[in-house]
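Report on one structure; see the data block that follows.
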Amino acid sequence: MEVNDFVEFLEKDREFRLQLAGEKYIHPVKPRFMKLDLEEKFRTVLAGQGISLFYRHQVEAIDLIRQGRNVLLMTPTASGKSLVYNIPVLETIAEPASSGPGATALYLFPLKGLEQDQVKNLNELSASLGLGTAGAVYDGDTTGYQRKKIRESAAVGGPGVLFTNPDMLHLSIIPFHRKWEVFFRNLRFVVVDEIHSYRGVFGSHVAQVLRRLRRVCDYYGSEPQFIAASATIANPGRLAEELTGVPFSVIDESGAPSAGKQFYFIKPIESPYTVATRLFVQSIRSGLRTIVFTKSRKITELIYSWSSNYARDLMDKISPYRAGFLPKERREIEAKLFSGELLGVISTSALELGVDIGGLDCCILCGYPGSVASTWQRAGRVGRHGQESVVMLIAIQDALDHYFMRHPDEFFQKSCEAAVIDAGNPNIVKSHIVCAAAELPLRLNDRVYDIKGLMPHIEELAERKVLSKSKKGEVWFASDRSPQRSVGIRAIGGRFMLLTESGRPIGELSGSRVFREAFPGAVYLHRGRQYQMISLDIEKRQAVCRTANLPYYTQALSHEETEIISRKAEKKTGPITFTWGKLRITSQVTGYERKRIFDRQRISRHELDMPEHVFETEGLWTVIDKETERSIIAGRCDLGGTLHAAEHALIACMPLFALCDRGDVGGLSHTCFPEFTRPAIFVYDGYEGGVGLTHRALEIADEWIQATYKIIDECPCFDGCPSCVQDSQCGNSNEPLHKEGAKLLFRMWMST
């Protein structure tokens, strides 16, 4: 069955039509070509690979790279971005070196495994050009023996291109830069692919890793060009410049073609996971190669299990795919998808990026991915070879899912969100200053760091004996020779190890999450298995657990307090004023609830005596004036429930404007905040030091308030539900909440 036949079959299906909330056919786009000047050798080799014409964006970007500019290319999936950096890199490597080793390049990818696909393409092209094997992968999947060979080869001028990820750059390459001296001395290009994935805490850390990279390059006398590639986001140039600290030229208009796509919005009558399973099996039986994207590892495994039981004849033709699989397992699944041996895969976001898995026909999104940008990135996994495709977005119980079910047209009209980082996050900056000082002493005339601007951090680190100052006071050294080992770049704060009773490690959690997810009695999921926490040792930074098979899950109950440290900005929107600044949050898990898995009903409530978790972050707040308070009370609305519901809804709406998850943002509401002696609502970045999310909210405050009101107002529930004002992670178990009061509050806020 062709895609069009499957679409016709769906539209005749009565059950499918009953659940259809919206649909749109996205028309195909024709390619726009430009002439690219190439040496005859390159032209002949590329023509042999079927590449004789070049898209406009490719030509424009390559021309700028040849001029020595830092270039950011933002075009959709499968638009030939890798060729944009491979051609200039190989052209430079092919230049005869005047003396000694030739030019080198560093390729960075956000996840290990993404490099495998890219290094294969580069090496095939370089071999055809007579340049031999140009690239080598150096990541966590590379054996110790292979790593040693690559380092030894780099010392005498090879490999020309090193493929790695930020974690390896942070831990194993920059700290040992003297072993890579020849490579760094000749480094001409740094390619940062999938740059849109560097956001939040991870992006803020990577920004510091790239500054440390630039310091090492400067030490060896090189100043590499940066080439970045991104999926569609709202702020590509700004993100690239914040990440690297250098200016960029942006190419953001694609000349690539795209095939037609049929897009469906499905509001399920029954469980969304049941609907996803049924559609997955139907599409495969119709002959369509299909991918299902889920929002959790657990759901990935469950849909695979249900599909296998529902259609046993397809067991060998489908597979799950997620983080936690061994490298060999991942490569096997990718190869089987590419060859067509597998007809379907159920994946977390792990398959959203990079890896070429061939031409798929149908994409099923089980839950809105959380952003327009991620939705298009996942939808771009189908129809890659010019064929028509179908995309189905199935709503789960979430505010944004149901917002788009009610307004499917808005999804297509909405711009992609901004990727937000905070390159100045003090905790992150301080941890990397120490790493940088261990790699090369800090000096007043540092050409990458603004030492004068960083002086308060440096003096603090010196007082703590983390840095030591030279006698003249112009040079600082790190006290620890290897501070990089204690800095995890995908989280803030110290890491806690999760161990079984026998001492076997099963994972780790950052300090900010361990209190909510690993308290004694907590049920923790890892690789689809249940573990129950037995103890949490703060000093040893470890939690001990045992395997379990329980009919319930746990939800932490907590008490939070906030203190305003400083005010940095203010914005008036309509009758209200938002203030943004620095906050101190004190959070304490006071107990937990056990809830039945199948219906989420509370079974029991338990008290805990846990230590307080105190951290400083960025946030915004607004004070409720007397007139607004009187109006809420006069409307027979509970004041506490009104503020609490409004706070939840504001947090739920944040991902509409910034690339983040709901869990990246926290909030508090007070019926009488002591400093103001007035009611107030606070929304804050959920990470120590802040990562720029609430600052982004301040910038778009008007749109934020209007969209939040729309979500609450249009939800058909009476008292409030997970699709509008309830939050599954609420530390107060969603008590009290007053939906009508929140609607009244937003109406008053929007009145001008």
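The values are calculated or read from the model by the stated rules, or taken from the named source; none is laboratory data. Being a predicted model, the structure only gives us computed values, none of them experimental. Positions of Cβ are generated from backbone atoms using ideal geometry, with glycine treated the same way; all protein chains shown enter the neighbour counts. Quick note on the areas: whole protein, heavy atoms, side chains included, nothing else; ligands and nucleic acids left out. Shrake-Rupley method; radii C 1.70, N 1.55, O 1.52, S 1.80 Å.
Taking segment 619-639 as the region of interest, how many residues are of a type in the set (D, E, K, R) and open to solvent by less than 20 Å² (accessible area, probe 1.4 Å)?
Final tally of qualifying residues: 0.
Being more than 20 Å from the chain's Cα centre (by Cα) and open to solvent by 10 Å² or more (accessible area, probe 1.4 Å) is the filter here; which residues of segment 217-247 pass it?
218, 219, 220, 221, 222, 223, 224, 225, 245, 246, 247
Restricting to segment 154-167, give me the number of residues that are surrounded by 21 or more Cβ atoms within 10 Å (Cβ to Cβ) and hydrophobic (A, V, I, L, M, F, W, C).
Result for segment 154-167: 4.
Would you mind listing the helices (runs of 4 or more DSSP H) fully within segment 222-319 where at least 2 residues are under 20 Å from residue 383 (Cβ atoms)?
272-285
Does residue 642 satisfy the criteria of being open to solvent by 10 Å² or more (accessible area, probe 1.4 Å) and modelled with pLDDT of 95 or more?
So residue 642 fails the test.
Regarding residue 24, is this residue under 26 Å from residue 234 (Cα atoms), in contact (Cβ under 8 Å) with a residue 40 or more places away in the chain and charged (D, E, K, R)?
yes
Residue by residue through segment 1-36, note down the ones that are among the acidic types (Asp, Glu), assigned to a helix (DSSP H, G or I) and out of contact with any helix residue (DSSP H, G or I) (no Cβ under 8 Å at 6 or more places or on another chain).
Listed by number, the residues that qualify are 5, 8, 15.
Note down all Cβ pairs under 9 Å where the first residue falls in segment 114-135 and is without any contact (Cβ under 8 Å) to a residue 12 or more places away in the chain, the second is open to solvent by less than 10 Å² (accessible area, probe 1.4 Å) and among the polar types (S, T, N, Q), and they're at least six residues apart or on different chains.
Once the first residue is without any contact (Cβ under 8 Å) to a residue 12 or more places away in the chain and sits in segment 114-135, its partners that are open to solvent by less than 10 Å² (accessible area, probe 1.4 Å) and among the polar types (S, T, N, Q) give 132/126.
Could you tell me which numbered condition residue 276 fails, if it satisfies all but one of (1) of a type outside the set (Asp, Glu); (2) modelled with pLDDT under 95; (3) within 26 Å of the chain's Cα centre (by Cα)?
Going through the list (1) of a type outside the set (Asp, Glu); (2) modelled with pLDDT under 95; (3) within 26 Å of the chain's Cα centre (by Cα), residue 276 breaks only (2).
Could you list all residues from segment 603-619 that are part of a strand (DSSP E or B), within 32 Å of the chain's Cα centre (by Cα) and either free of Cβ contacts under 8 Å to residues at least 40 places away in the same chain or under 17 Å from residue 746 (Cα atoms) (or both)?
Once the filter is applied, which keeps residues that are part of a strand (DSSP E or B), within 32 Å of the chain's Cα centre (by Cα) and either free of Cβ contacts under 8 Å to residues at least 40 places away in the same chain or under 17 Å from residue 746 (Cα atoms) (or both), segment 603-619 yields only 614.
Which residue pairs have Cβ atoms closer than 6 Å, lie 6 or more positions apart in sequence or on different chains, and pair a first residue in segment 574-599 that is within 30 Å of residue 701 (Cβ to Cβ) with a second residue that is aromatic (Phe, Trp, Tyr)?
Taking only residues 6 or more apart or on different chains, the pairs are 574/749; 576/749; 579/621; 583/684; 585/615.
Is it the case that segment 84-105 has a residue that's open to solvent by 50 Å² or more (accessible area, probe 1.4 Å), in contact with a Lys or Arg (Cβ under 6 Å, 6 or more places away or on another chain), in contact (Cβ under 8 Å) with a residue 40 or more places away in the chain and outside any strand (DSSP E or B)?
no
Being of a type in the set (A, V, I, L, M), part of a helix (DSSP H, G or I) and out of contact with any Pro (no Cβ under 9 Å at 6 or more places or on another chain) is the filter; apply it to segment 62-83 and report the residue that is surrounded by the most Cβ atoms within 10 Å (Cβ to Cβ).
Ranking the qualifying residues of segment 62-83, first place goes to 64.
Of (1) within 30 Å of residue 442 (Cβ to Cβ); (2) of a type in the set (Val, Ile, Thr); (3) open to solvent by 20 Å² or more (accessible area, probe 1.4 Å), residue 489 satisfies all except one. Which?
(3)
Considering only residues of segment 448-485 that are in contact with a helix residue (DSSP H, G or I) (Cβ under 8 Å, 6 or more places away or on another chain) and open to solvent by 70 Å² or more (accessible area, probe 1.4 Å), which is farthest from residue 207 (Cα to Cα)?
469
Determine if segment 626-642 includes at least one residue that is under 25 Å from residue 398 (Cβ atoms) and among the aliphatic types (A, V, I, L, M).
For segment 626-642, residues under 25 Å from residue 398 (Cβ atoms) and among the aliphatic types (A, V, I, L, M): absent.
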